[in-house]
Every structure is written in structure tokens, then in C-alpha cells.
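One structure is given below, encoded as C-alpha cells.
We did not get these values from a lab; they are worked out from the coordinates using the rules stated. Predicted model, so just to flag it, every value in this text is computed and none were measured. Virtual Cβ from ideal backbone geometry, glycine too; neighbours counted across all protein chains shown.
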Ligand code: E4P
């Protein structure tokens, strides 16, 4: 499973990128707002830093305007994936931009039927929002499993990008189901390494090592 980082904070992306944990980045208007940066500037910096796809989201609501915004965003760098919402206008924009050879990430997906439409429109990525479904007492992970089954039934090449990830369990569950990608906040990715028994075991090893009086370097 590929790891995308769900943030527009350059320092956080760079830190995980140096660890080899970044296969791509997703941003959205709320994340750009949080960063306090200009969308074109910060997205360019992210694209320069990361080799994989960097999602930049359109904000128009009509298809023609979305297509124009998408073309402008795609000019930032070759690794831009234009992010469009899962509306009929977004699907039309997805189809046009895909036919122009651009990567498109269809976002705000909450049903298997929406994911089916995105695949038909030629999306490179579909972004089902797990956490926001869980927030409503629905089962976000069940949606990932349904989309996996449908895409596999018909050999759709659209990649399933599990989004709105809130916990480390979301990461392992998405991987077990076979999501192609998971996009998570940096804090969630960092937490994946934590275990109390790892900390306890390491402390005990180091204590015993001290008693040997040896040195490796
Ligand atoms: C994905 O592309 C979105 O930017 C993101 O995962 C949304 O997450 P949230 O529901 O935590 O805002």
C-alpha cells in the first residue's frame, strides 16, 4: 500500500519524505487554509520535494470552470493530480482532464456507486472518506471493501485512495482490505511505529548492554 501524506505543511512532508515514507501528498482547500500559504506556491514546493502524485483541489463548482482550474493547477508540475469533487460536474471535469492525459483524484466519495462512476469517468484515484463515515456511526472500512470488490470484478485501474484516515487501525485495516493508497495526517503515520513493548524491550536491552561494558563503535 502506498502512503500519501494528507497535509500542506512542507516541514512535515519533508520529515517523512526523508524516511522514505512518502509516495505522494494530498491537499484540500481546508489544508491550504490551515497552512496559511498561497496554493500555487506551496503546491509547487511540495511537487519539488516529492516524486509521487500531489493532489491539488479545484474550487469551482461548474464543469467548465473546474476544467480551467484543473489545467492551471496541472501546470504547476508533472506530478500534479487534479482533485475534483464527486458531483456530475466533477465527473465531467474528470473525464475531460483524464482524456487530456492528466491525473485526476475524485474526492468526497461516500458510496460504492459514486466510486463506480469515478472509475467509469477514468479517474486515476478515488478518495473514499473513511473517518467522516465513521463519525456518522457508519462503517468507512466497509466502503473500502465494497469498492475493492467492484473494481476487481471489472478490472478498473482507478486506484483506491483511502482518505479521511483518523487512526493507526484505519491504516492497517485499509492495507488488509487492499486499498492501493492511504492518505493520512503525518501524526497518524508517525504513530504507526509506536508500541509500549518496543519501548520496554529496548530499555531492557540497553540496560543489559551497559552491564557488558562493550562498545560497537
Ligand atoms: C483527502 O484527500 C482529504 O484531504 C482528507 O483525507 C480529508 O480528511 P478529514 O476528513 O480528516 O478532513
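Across segment 96-187, Cα-Cα pairs farther apart than 18 Å form 38% of the total. For the pair residue 15 and residue 214, label points projected 7 Å from Cα toward Cβ lie 3.5 nm apart. Arranged from fewest to most other beta-carbon atoms within 10 Å of their beta carbon, 72, 200 become 200, 72. Once the mean of 1/r is taken over each pair of separate Cα atoms and inverted, the chain shows a Kirkwood hydrodynamic radius of 18.3 Å. In the chain, helical runs assigned H by DSSP with n ≥ 4 each contribute -39500 (n - 2.57); averaged across all residues and rounded to the nearest 500, the mean residue ellipticity at 222 nm is -15500 deg cm²/dmol. What separates the Cα centres of segment 77-123 and segment 126-154 is a distance of 17 Å.
Order these peptides, 167-173, 51-57, by their mean beta-carbon neighbour count within 10 angstrom, highest first.
Output ranking for 167-173, 51-57: 51-57, 167-173.
Restricting attention to the chain, close to 0% of DSSP beta bridges with both partner residues there are antiparallel. Springs join every pair of Cα atoms under 10 Å in this Gaussian network model of the chain, and among 198, 27, 87 the largest mean-square fluctuation is at 198. Among 31, 108, 73, the largest mean-square fluctuation in a Gaussian network model of the chain, built with springs joining Cα atoms closer than 10 Å, belongs to 31. Each of residue 35 and residue 142 was given a label point 7 Å from its Cα along the Cα-to-Cβ line. The distance between the two points is 3.6 nm.
Considering only alpha-carbon pairs that sit under 8 angstrom and 6 or more positions apart, the relative contact order computed for segment 63-102 is 47 percent.
Here the relative contact order of segment 13-152, from alpha carbon pairs under 8 Å that lie six or more residues apart, stands at 15 percent.
What is the order of 86, 202, fewest Cβ neighbours within 10 Å to most?
Fewest-to-most Cβ neighbours within 10 Å comes out as 202, 86.
For segment 71-207, the relative contact order works out to 16 percent when only alpha carbon pairs closer than 8 Å and six or more residues apart are counted. If you run the Gaussian network model on the chain, springs between alpha carbon atoms under 10 Å, then out of 135, 23, 48 the most flexible one is 135. Counting neighbouring Cβ atoms within 10 Å and putting the fewest first, the residues 143, 161, 133 line up as 133, 143, 161.
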